[in-house]
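Taking it in order: structure first as structure tokens, then the write-up.
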Amino acid sequence: MNVQELIVYRDFESGKILQDMSWVINYFEKESGEEVSGESMSHKGAREEGREGRDVSFQEQVHLAGPGSMPAQDTWEEARGLVYSCIHGLLDLAGTYGFHGNLWHCYLTDLLVNHENSYSCACELTGSVEGTINQAALHDIAIFKEFYDYDFAPLCRWLGVPEYALVEQYEGSRQGSKVYNARICARICDLAGKFCRNHTAGEMKDTLTEFYREYGVGKFGLHKSFRIQRKKDQVWIEPIRNIAHVCLDDLVGYEIPKRKLKENTDAFVAGRAANNCLLFGDAGTGKSSCIKAIANEYYGKGLRIIEVYKHQFQDLNQVIAQIKNRHYKFILYMDDLSFEEFETDYKYLKAVIEGGLEKRPGNVLIYATSNRRHLIRENYRDKEEIRQDMHTSDTVQEKLSLANRFGVTIYFGAPDKKQFQEIVEALARRGGVDLPREELFAEANKWELSHGGLSGRSAQQFVDYLLGRGRCLS
């Protein structure tokens, strides 16, 4: 049982615990004469001086085994120290990842669901695949199966590490995961339990393949949304750990804009032709909330959102290179997109959307929100007959060319007084605010006059204000 024999599942990002445990297990089997598939240490110990059921010191083992039969003291101490180090690492993972139950099993499961390789990436969202890669994957899963089924009790008695029991039945804290949301953490813990119930490596491989098909693999499989990070010349995509769990139905009104956005996104995730989409209009009308809702509602269908800022447009080609061959659908999301006349970063975006030699991948779309319909600031002088630029129409076309690359444009206008009151009433009812209707509207009208005017945002802020006062809760 050696991690060096793995073929497909190699070079784990968090694989030190696995490496250390593998070394300790192999060392124990070599020095004690124990084998994974052989007689357990507890049965063997029953015949050896009645040692079963109690810890045996290193000195006692030397005496019982005879001269030349035991390992060097320093190597034994090193193995014992490694086990304690692994216990520390597993407990630390539990606090960071929110794992519970058998932490060793959860750790192994986390390695498998996060490892992006030729097999796992081929299985994501499509299920089992054919070919030789299956045999290589089965070989590796058989090694992992041995790690799952391994009984650490004899090893821990031999090394004198009773504290290993702490990681076998670990009760998690209420703090939750700092890496995964609660649902993802629960899925990984559940998958660890399923692996334990699998009797063969083939069954375990089928269980893992089904997980890949349903949830995907790696960071793109386990997270909904991402941001771009750069360090020197290295660009990578980093998960956003927490995203507001909002749905399209939570946005009161705007039924036509929501329907247009949903229709375009439905076509995209289904593999049909779809357009880049621009959501524009008045501030506080729910444009950004719609994108968050899309990320939540289409996650199960393989849609992922990558947030992009203006200063990162130069990195878009590197980002697209990392996602173009994955089975997921990706939306590059640009919030509050607009440019002043002196800003030229939009030229990078134009080339990425449409115009570069390389065709944009079919699994990538761009969704943007803006308060400006045409994205780039325009001036009356752009229309003047006499100016330094001889071709006035060229100036206008240059400024319109970016907006025209969005095939779907959706307008979000500020609500009128009646629509604003309908939004307030719906949000208040949803939040449990107990105020007479007339009083609610009167207070809402006062609020919007000094808090940004008529908009869905000011309505939500008003309801949050009422809820914060406490006395309004029913």
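Structural remarks
- Cβ-Cβ FRET estimate between residue 85 and residue 449, R0 fixed at 41 Å, reported to 0.05: 0.05
- Length gained on full extension, residue 275 to residue 2, computed as 0.36 nm times the residue gap minus the Cα-Cα distance: 93.3 nm.
- Taking all Cα pairs closer than 8 Å and separated by 6 or more residues, the relative contact order of the range 199-325 comes to 32 percent.
- Using a Förster distance of 45 Å, the FRET efficiency for residue 324-residue 426 (Cβ separation, nearest 0.05): 0.65
- Cleavage-rule hits (trypsin sites (Lys or Arg not before Pro)) in the range 433-474: DSSP loop, at most 13 neighbouring Cβ within 10 angstrom: 471
- Inter-probe distance in nm under a simple model that places probes 7 Å from Cα toward Cβ, at residue 360 and residue 163: 5.6 nm
- Kirkwood hydrodynamic radius over Cα pairs of the range 231-307, then Stokes diffusion coefficient at 20 °C and 1.002 mPa s, in µm²/s: 153 µm²/s
- Stretched out straight at 0.36 nm per residue, the stretch from residue 73 to residue 179 would grow longer than its current Cα-Cα span by 34.2 nm.
- Extension reserve of the residue 206-residue 153 stretch, reckoned as 0.36 nm per residue once the Cα distance is removed: 16.2 nm
- FRET efficiency for residue 464 and residue 438, using Cβ-Cβ distance with R0 set to 22 Å, rounded to 0.05: 0.55
- Over the range 65-163: Rg over Rh, Cα atoms, Kirkwood Rh: 1.10
- In this label model, residue 118 and residue 196 are separated by 3.4 nm, measuring between points 7 Å along each Cα→Cβ vector.
- Amide H contacts of residue 226: 240, 305, 306, 307, each under 5 Å away and 5 or more positions distant or on a separate chain (H built 1.01 Å from N in the peptide plane; Pro and chain starts excluded).
- Taken along the Cα-to-beta-carbon direction at a fixed 7 Å, the label points for residue 256 and residue 14 span 4.9 nm.
- For the range 286-303, Karplus couplings with θ = phi - 60° (6.51, -1.76, 1.60), whole Hz, Gly/Pro x: x, 5, 5, 5, 5, 5, 4, 5, 4, 4, 6, 6, 10, 4, x, 9, x, 8
Any read-out appearing in this document is the output of simple, stated calculations on the displayed coordinates, not a laboratory observation. Given the structure is predicted, the values throughout are model-derived calculations rather than measurements. For neighbour counting, all protein chains shown are included, and Cβ atoms are generated from backbone atoms with ideal geometry for every residue, glycine included.
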